Amino acid sequence: MDRAALADFLRHRREALRPEDVALPPGTRRRTQGLRREEVASLAVMSTDYYTRLEQRRGPQPSAHMLASLARALRLTNDERDYLYRIAGHNAPLSLSGSPHVAPALLRVLDRLHDTPALILTDLGETLVQNAMAVALFGDASHHTGLARSAMYRWFTDPAERSAYPEADRERQSRAQVANLRAAHGLRGPQSQAGRLVRALEKESEEFAEMWARHEVVRRFEDHKTLIHPEVGAIELDCQALFTEDQSQTLLVLTAPPRTEGYEKLQLLAALGLNRFPPSERQGSAPAPARREG
């Protein structure tokens, strides 16, 4: 770990950003060039004290998870992300390793979506970042760990995961989950995280094993779907998906036509979100408790 290089790199990248680059209000009488330390810490879901120690060359070695959070908060390119990992004493993640680094182009789009649910997923259904509307619609996905980070895994192992879909749509959703996983498995290979998911699900779910044997392959999301929310009930939404060039990440945006019941229910969810989360948590990634490391 090169503490001096890490501190200098973090400071220069922080100073190069403006609040509007990360969907934060500019505020008045800003004396700090670029973002404040506490703003970067909030975006990276870590304590301000921990981030400050990194910039002051006295922090502990960040974990790969922390580095992924910093790369997302600082809107790093892939090359900048790889450099960050190396000066922090880690190997740079492989392009198809399932790294939690969010594609910068998708993140720039997500930053500008405040009035409709939007989230970025990996090809294994792992939520990398959600806006506040997506948290209000789906719940906060940041607490899941291990194999359960994948919505594909949860769909076949946690009955509560299916409550968001009408019963009549659940078989179709099961087939879609399996077909998407097979596409990811073909791309990543049997020794990847996709392979580990398949082996675990074949043991834990007869339904999955039967569907996996059909060899259906697809990488898409339904254009129109109905979701069941515990507070506002059924919501009919249109679904748009934007993929990265290598198909490893997807920006999913859910909308409803104006003056429809679905649109009104999204407006209600937005109001619920305003009451549920303070202003500091409504920008950028999904709200999560501050975390310390070291």
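For the pair the range 98-152 / the range 1-54, the C-alpha centres are spaced 22 Å from each other.
Compare the Cα positions of His90, Leu137, Ala164 along the charge dipole of the chain (+1 at Cβ of Lys, Arg; -1 at Cβ of Asp, Glu; about the Cα centre) and return the one farthest towards the positive end. Most positive-ward Cα: His90. Taking amide hydrogens as placed 1.01 Å from N in the peptide plane, the amide H of Gly59 sits under 5 Å from those of Leu54, each at least 5 positions away in sequence or on another chain.
Computed from backbone phi, the HN-Hα couplings of the range 137-147 come to 7, 9, x, 7, 8, 6, 7, 6, 9, x, 4 Hz, rounded to whole numbers (Karplus: 6.51 cos²θ - 1.76 cosθ + 1.60, θ = phi - 60°; Gly and Pro given as x).
Net charge dipole, the range 3-87: roughly 280 debye, given to the nearest 20, about the Cα centre with Cβ charges of +1 for Lys and Arg and -1 for Asp and Glu. Here the calculated FRET efficiency for Asn78 and Val217, from their Cβ-Cβ distance with R0 = 30 Å, stands at 0.65, rounded to the nearest 0.05. Computed over every Cα-Cα pair of the range 28-154 and binned at 10 Å starting from 0, the pair-distance distribution P(r) comes out as 11, 39, 37, 12, 1 percent. Charges were assigned to the Cβ only: +1 to each Lys and Arg, -1 to each Asp and Glu. The resulting dipole of the chain about its Cα centre is roughly 1220 debye. Residue-wise HN-Hα couplings along the range 47-53, as the Karplus relation 6.51 cos²θ - 1.76 cosθ + 1.60 with θ = phi - 60° gives them from phi, are 6, 4, 4, 5, 5, 4, 4 Hz; Gly and Pro carry x. Each residue of the range 118-123 was assigned a 3J(HN,Hα) from its phi angle through the Karplus curve 6.51 cos²θ - 1.76 cosθ + 1.60 (θ = phi - 60°); the sequence is 8, 8, 10, 10, 7, 6 Hz, with glycine and proline shown as x. Using R0 = 35 Å, the C-beta based FRET efficiency linking Arg58 and Glu20 works out to 0.65. Principal axis extents of the C-alpha atoms in the range 3-87 (largest first, rounded to whole Å): 36, 26, 20.
We did not get these values from a lab; they are worked out from the coordinates using the rules stated. The model shown is predicted, which means the values in this text are computed figures rather than measured ones. Note that we place each Cβ from the backbone using ideal geometry, even for glycine, and neighbour counts take in every protein chain shown.
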